[in-house]
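Heads up: the structure comes next, in structure tokens.
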Amino acid sequence: MIKKPVIDQIAWTVALLFSGAAAGMFLMDFFGYYPLLLRLSDRAAIELHQEAVALHRGIFQLATLGSGVACIIMIRFFSHGTSRRLLIASLACLIALVVYTNFALVPLNREIGTWIPAAPPAGWKIRFAEMIFRERLRGFLPALAFVLASAASRR
């Protein structure tokens, strides 16, 4: 029979793995993908972003869902007191991430998806810069969720 402290350690390790993976994916985009877009030609940046949106959506949904489910399990079965409050704050960050993504980014990415890269609409650079800003801003939410979950694991 596995002892309770071992089960707790395994649960916390898995939860932090999911949370860290989600934060890492968003931060990789923050420091890698979006700076790359700014260095590409206009047409190449639009084409790359249009092609990458579906891939990003699937990967980020999986990472966010995994992190959220792990957080809920930790809140319910493996935390109490300060640790539970930190995990609830972490879960709130993930919920804010989903809400922010759906209201601030999905409509903008749908609009960008309709552009013809060889002939983008007037004012497209402003909209594209706005999308990059919003995407970068979004990266802080899963990072904060990870920091909060990490702090909770120490309690």
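Surface exposure of the chain, expressed per residue as accessible area with a 1.4 Å probe, stands at 59 Å².
Sorting the segments 102-109, 62-69 by their residues' average number of neighbouring beta-carbon atoms within 10 angstrom, most packed first, yields 62-69, 102-109.
Between the helical axis of 140-153 and the longest alpha-carbon principal axis of the chain there is an angle of about 10 degrees. Using the Cβ of PHE26 as centre and a radius below 14 Å, the other residues enclosed give a net charge of +2, where K and R count +1 and D and E count -1. Of ARG127, ARG110, the residue with the largest accessible area leads and the full order is ARG110, ARG127 (1.4 Å probe).
Choose one of THR82, LEU144, ALA63: the residue whose Cα lies farthest towards the positive end of the charge dipole of the range 47-147 (beta-carbon charges +1 Lys, Arg; -1 Asp, Glu; about the Cα centre). Positive-most Cα among the choices belongs to THR82. Net length available on complete extension from ASN102 to LEU65 is 11.9 nm, with 0.36 nm assigned per residue and the Cα-Cα distance removed. Sorting PHE18, PHE31 on solvent-accessible area from highest to lowest, probe radius 1.4 Å, gives PHE31, PHE18. Among the protein heavy atoms of the chain, carbon and sulfur supply 70% of the accessible surface, probe 1.4 Å, non-protein parts ignored. Let me have the relative contact order for the range 1-140, percent, based on Cα pairs under 8 Å that are six or more residues apart. Across the range 1-140, relative contact order equals 36 percent. Computed from Cα atoms, the angle from the helix 4-28 axis to the main principal axis of the chain rounds to 10 degrees. Set the Cα radius of gyration of the chain against 2.2 N^0.38 Å, with N its number of residues, and you get 1.22. Across the range 102-115, computed HN-Hα scalar couplings (Karplus, 6.51 cos²θ - 1.76 cosθ + 1.60, θ = phi - 60°) run 5, 9, 9, 10, 4, x, 5, 5, 5, 4, 5, x, 8, 5 Hz from first to last residue, x flagging Gly and Pro.
Estimated from the Cβ-Cβ distance and a Förster radius of 41 angstrom, the FRET efficiency linking ALA122 and ALA151 is about 0.30. Cα centroid distance between the range 1-47 and the range 101-155, in Å? Taking the Cα centre of the range 101-155 as reference, the centre of the range 1-47 is 15 Å away.
Only alpha carbons enter this Debye calculation for the range 54-113, each as an equal point scatterer, and the log10 of I(q)/I(0) it gives at q = 0.19 Å⁻¹ is -0.72.
The values are calculated or read from the model by the stated rules, or taken from the named source; none is laboratory data. Keep in mind that this is a model prediction, so the values were computed, not measured. Glycine gets a Cβ as well: all are built from the backbone with ideal geometry, and neighbour counts include every protein chain shown. The accessibility values were calculated without ligands, DNA or RNA, using every heavy atom of the protein model including side chains. Shrake-Rupley method; radii C 1.70, N 1.55, O 1.52, S 1.80 Å.
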